[in-house]
1. Regarding Arg73, is this residue over 20 Å from Gly172 (Cα atoms), touching a residue at least 24 places away in the same chain (Cβ under 8 Å), in contact with a helix residue (DSSP H, G or I) (Cβ under 8 Å, 6 or more places away or on another chain) and charged (D, E, K, R)?
2. Do we have any residue at all in the range 87-100 that's in a helix (DSSP H, G or I), in contact (Cβ under 8 Å) with a residue 12 or more places away in the chain and touching a Lys or Arg at 6+ places or on another chain (Cβ under 7 Å)?
3. Given (1) surrounded by fewer than 17 Cβ atoms within 10 Å (Cβ to Cβ); (2) touching a strand residue (DSSP E or B) at 6+ places or on another chain (Cβ under 7 Å); (3) in a loop (DSSP other than H, G, I, E, B), identify the lone condition not met by Arg116.
4. Kindly state which strands (runs of 3 or more DSSP E) lie completely within the range 123-221 and contain at least 1 residues that are farther than 18 Å from Ser110 by Cβ and modelled with pLDDT of 95 or more.
5. Would the range 172-195 turn up any residue that is touching a residue at least 24 places away in the same chain (Cβ under 8 Å) and of a type in the set (D, E, K, R)?
6. If you scan the range 109-128, which residues turn out to be touching a Lys or Arg at 6+ places or on another chain (Cβ under 9 Å) and either touching a residue at least 60 places away in the same chain (Cβ under 8 Å) or of a type in the set (Phe, Trp, Tyr) (or both)?
Amino acid sequence: MNHDALLFDFDGVLIESEYAGNRQIADYLTGIGHPTTPEQSMAHFMGLAGADFLAAVERWIGRPLPDSFHTARQVEDERAMAEGIGAVAGAVAFVRALPPALPRAVVSSSNTRWIRRHLDHIGLAGAFGDHLYSGREHVARGKPAPDLYLFAAARLGVAIERCAIIEDSPVGATGAVASGGHVIGLCAGSHCAADHGARLKALGVDAVAADFDEVRALLAL
């Protein structure tokens, strides 16, 4: 292992939530008169949370969002929480095979309730201990700021330069690169188009991996 800790994004890295979530956003926006595809939603909103997410959507449609948007998002989130979301291919086996003593954390724009629920659903409850960090809950500035990665590294007691960060979204990759960690752009999720790796590479990630086998090789695990 050529790094001292691993930081994992969550949506799109460990669970297959990105396409379904962005499809719901696209369908809603299209339904209120702003034609949007899931691909456009992912390109403009993926990886953002809270006020940054809402501001990006409002820029896209050119007006304030109606209250029904928040209701529709809550309904979709509760459906996903009730049903559970499956893992990205290879993610569970990868995490379970990590050396037990290797520090690791989740660094996500989602809230910790969401993270815990879906880690439990995919069989990884407890795999990260208490090191579940949210850009909504643990730092003032979420992604694409580097703050969440720096916060997680400090909590793990590992210099960020010795952390490998696994990210899938351009927003996340931007913050991860800015943090000074070693960034692997993962293209294993179903939301990743053929040019996804090239987009991440253009943002300065250190390497791109098509799946978790490539991640394992890059990290010399």
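1. Judged against the criteria, Arg73 is a match.
2. Taking every residue of the range 87-100 in turn, at least one turns out to be in a helix (DSSP H, G or I), in contact (Cβ under 8 Å) with a residue 12 or more places away in the chain and touching a Lys or Arg at 6+ places or on another chain (Cβ under 7 Å).
3. With (1) surrounded by fewer than 17 Cβ atoms within 10 Å (Cβ to Cβ); (2) touching a strand residue (DSSP E or B) at 6+ places or on another chain (Cβ under 7 Å); (3) in a loop (DSSP other than H, G, I, E, B) applied to Arg116, the lone miss is (3).
4. Because the criterion is at least 1 residues that are farther than 18 Å from Ser110 by Cβ and modelled with pLDDT of 95 or more, the strands (runs of 3 or more DSSP E) in the range 123-221 that meet it are 163-167, 182-186, 207-209.
5. no
6. Ser109, Ser110, Leu124, Phe128
The values are calculated or read from the model by the stated rules, or taken from the named source; none is laboratory data. Keep in mind it's a predicted model, so treat the numbers as computed, not measured. For neighbour counting, all protein chains shown are included, and Cβ atoms are generated from backbone atoms with ideal geometry for every residue, glycine included.
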